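Some notes on the structure that comes next.
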Amino acid sequence: MPYQSPISPGRSWYEDTAGPRPEYPALDGDRSCDVVIIGGGFTGLAAATHLAKAGTNVVLIEAYRFGDGASGRNGGQLGTGQRAWAEELEAEYGFSRAKALFDLAEEAKAHLIEFAAANQIDIDYMPGQLSVAHKPRYVDDYKAHAEIMAGRFSYPHISFMDAKETAERLGSTAYFGGTRDTGTGHIHPMKLVIGTARVAAQAGAQLFEGTPSTGIISTGGKVKVSTPKGTISAQKCLIAVNAYGGTLEPVSAAHIMPIGSFIGATVPLRSGSKVLPGGESVDDSRFVVRYFRKSRDGRLLFGGREVYGVNDPKDIHIHIRRQIAELYPALSDVEITHGWGGYVGITVPRKPFVREVMPNVISAGGYSGHGVMLSNFFGKLYAETVAGNRDRLKLIEDLKIPPFPGGRRFRAPLLFLALNWFALRDRI
């Protein structure tokens, strides 16, 4: 029987097309190391890779299998810059800091592509991204954004699209304009997870699956991470569980909220289909964003039904097909071969969360839908921090990230109300 993640609903198309997925043993016995990492997604595996290559003794534990969380099940889009537009960051932090944050994200993009190439990881990279307006009143913002990016932030790859060009590039008249970014693209995320784990193991990192953390204690300059069958003692610890932290660590839990997002994969579209003829990925202007793209073999991978309640939809296929039909009526009866979900870690301002949550313990997450690119690079920045250079990670640590209101008892229902209100605004 094919493996099915116990923490994320539905078997993904990524799992069925990633090729061999090696299994790693569970931890059995105590370990001592320089750095212990909790979480086997992009952040943790990247950190383990760069630490091990630098000669650091590193142990990484993952509660299930590498890629079972958001890292192996996401939309695969890289994006450009941070989650917030650069001009929005400038309004909040000033130009110098906004430019530094933008440049850091652009370095993250280049690093991901170069890392995959250097380590012979075929991530199915396809170029181009379209960002589109679902309401006419947003179109001027997209036009201004393209001009600002070229002029103030020295990024010439974004161009404005009017309604006609948008319809031609999408193969749909559902949107009113937007931008085209030729300086980014989209990938097969599970292939990157598998490849990064391989590189980390080859570099000497000790990797363990099926090994949940049952507690973290930091005292006397040492960190101890307990597991069901052993304790790991280390000088430092990285918590890289993002939306899947549960009650593991209270500071991260107060700042990072898991929300459900769901994706469907269609059969390969017929030859000559007008859907995304240029092969770009797409994100739209809804607060409850819709994101979609075509795979190398011509399938439409469509995500967009975020869920803020406790229960997952009973039939992902029905909800995804309904949204596809709104944009592409000719696909109202298209066969969906895979429907899957997972949890995205968001913060109140939709900016990443990085904090030292106890002595020698740093937590990283809250990428808010922009994690394919950023999370891998944050693993590298953490490795730099262990080596003595915290300056670049500090740029993220200093972002203003308030906790979710309501405490543990009320924050989930308050978020449910707030985000469903935003979903209502998307429709009117």
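Quick look at the numbers
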quantity	calculated
Against the rule of thumb 2.2 N^0.38 Å, how large the Cα Rg of region 167-326 comes out	1.39
Rg and Dmax of region 37-147, Cα atoms only, in Å	17.6, 55
Sorted by Cβ neighbour density within 10 Å, fewest at the top, the residues 302, 42	302, 42
For region 257-376, alpha-carbon Rg relative to the globular expectation (2.2 N^0.38 Å, N residues)	1.22
Amide H contacts of residue 269 (H built 1.01 Å from N, under 5 Å, at least 5 apart or other chain)	299, 300
Contour minus Cα-Cα distance for residue 148 and residue 315 (0.36 nm per residue)	55.9 nm
Calculated P(r) of region 171-247 - Cα pairs past 17 Å, %	68
Selected from 71, 45, 61, residue furthest toward positive end of dipole (region 35-163; charges at beta carbon)	61
Hz values of 3J(HN,Hα) by residue in region 218-235 - Karplus curve (6.51, -1.76, 1.60), Gly and Pro given as x	10, 7, x, x, 10, 10, 10, 10, 8, 9, x, 10, x, 10, 9, 9, 8, 7
Diffusion constant of the chain at 4 °C, which comes from Stokes-Einstein with the Kirkwood Cα-pair radius and 1.567 mPa s, µm²/s	59
Pairwise FRET efficiency - residue 28 versus residue 335, Cβ, R0 = 51 Å, nearest 0.05	0.70
Inter-part distance where region 110-181 and region 329-405 are each reduced to a Cα centre, Å	21
Restraint check, 99/380; 53/400; 109/164; 143/164; 109/191, Cα-Cα greater than 24 Å	53/400; 109/164
Linear extension gain, residue 21 paired with residue 95, 0.36 nm per residue minus alpha-carbon span	22.2 nm
Ranked list, fewest to most other Cβ atoms within 10 Å of each Cβ, for 344, 241	344, 241
Ranking of 295, 218, 32 by count of other Cβ atoms within 10 Å, fewest first	32, 218, 295
Distance cut-off 18 Å, percentage of C-alpha pairs in region 96-187 lying past it	54
Gained length - residue 391 relative to residue 117, 0.36 nm times residue gap less alpha-carbon distance	95.9 nm
Relative contact order (%) - criterion: Cα under 8 Å, at least six apart; region: the chain	23
Cα-based equivalent ellipsoid, region 11-67: semi-axes from gyration tensor eigenvalues, Å	24, 14, 9
Estimated [θ] at 222 nm from DSSP helical runs (n ≥ 4, -39500 (n - 2.57)) normalised by residues in the chain, nearest 500	-10500 deg cm²/dmol
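Quick note: the coordinates plus some simple rules give every number you see, no bench work behind them. Just so it is clear, the model here is predicted, and its values are computed rather than measured. Cβ coordinates were reconstructed from backbone atoms using ideal geometry, including for glycine residues, and neighbour counts include every protein chain displayed.
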